[in-house]
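Student: Here it is: the structure, laid out below.
Taken together, the values in this text are just the output of simple stated rules run on the coordinates, not laboratory data. Everything quoted here is computed from the prediction, not taken from an experiment. Using ideal geometry, Cβ is built from the backbone for each residue, glycine included, and neighbour counts are taken over all protein chains shown.
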């Protein structure tokens, strides 16, 4: 009887121990569990970070970017020089950059060109602008076949500072956003190599902005001029915006043709479907860079423009004074030796 009572007591004790042990958590086990959970969270965090870095690196593979920034100048000083001439100081800079994306059937090309130059001659204390250009172009393409892409192009051109009819610096002939030209084109892009492309865009809008009241009133750059009364007072100010619909072709070539010599040229042609479609607007710019050494580069840039709507003062009778206006070929050339910084 005593033996049975003893066994019963032992069984009750064991049952109670395990019951209480199940209800009360072991502090050591609980701490270890918390540490394990924390380590797991840290492992998950770093794994997610690693996956994110890998994805970012894979995405960057499809991007290609670069550019060149040049800055240079010239200085001429004369003293009792029998041949004549003027002292002068000139400084100029050029930035030419790009960032392109290419993945599977998608091509997206972006470029930015900025040029600015100043010159001071003789005893003139005023710096005159001799170069001023800003151009941004973005072209998106989706592959249609091996060499052809459905494409959309956005192009914007303007300048940074006012321009004057020197030496008369009171006559302003251009300004920031006066003019500014915009192109929005839809068409097909023929692209054999990365360095050569031809865009043919039968559906194109060309937009001209003259954000200067005096220039707009004068009808500069092809906008509608102001309406004047018989006394010359302005009744209605000139239009600051002009839009045209037409066809557009752009040819682009950029390549290192020989070691350290790179040429980039862009030819743009536009024909207005409504007004004088036979008079084609032409914009042709070229930049040739010759790398002398790690720091010095020689550049030659040219810019040719013909726009039937932009009237230039002309001398028809040859007396040396302008006696009318008309469309003319505009040409600009800049040659410089400059310090060059290559951007990657």
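Student: Taking the beta-carbon count within 10 Å as an exposure proxy, list 158, 138, 151, 243 from fewest neighbours to most. Please report the intermediate quantities before stating the final value.
Tutor: On the way: 158 20, 138 15, 151 24, 243 9.
Taking fewest neighbouring Cβ atoms as first place, the list is 243, 138, 158, 151.
Student: Still on this structure: Mind sorting 240, 344, 250, 41 by how few other Cβ atoms lie within 10 Å of their own Cβ, fewest first?
Tutor: So the residues, fewest neighbours to most, are 344, 41, 240, 250.
Student: Evaluate the distance, in nm, between pseudo-label points positioned 7 Å from the Cα of residue 136 and of residue 253 along their respective Cα→Cβ axes.
Tutor: Here the answer is 2.9 nm between the modelled labels.
Student: So, in Å, what gap is there between the alpha-carbon centers of the stretch 105-137 and the stretch 149-165?
Tutor: Cα centres, the stretch 105-137 to the stretch 149-165: 11 Å.
Student: Testing the spin-label approximation: label points 7 Å from Cα along Cα→Cβ at residue 69 and residue 335. State their distance in nm.
Tutor: 2.7
Student: Assuming a ≥ b ≥ c are the square roots of the Cα gyration tensor eigenvalues, decide whether the stretch 69-343 counts as rounded (a/c under 1.5), prolate (otherwise, with a/b larger than b/c) or oblate. Intermediate values should be presented prior to the final figure.
Tutor: Values: a/c = 2.21, a/b = 1.11, b/c = 2.00.
It is oblate, given that a/c is not under 1.5 and a/b is not larger than b/c.
Student: What nm distance separates the two modelled labels at residue 314 and residue 186, each placed 7 Å from Cα along Cα→Cβ?
Tutor: It works out to 3.8 nm between the two label points.
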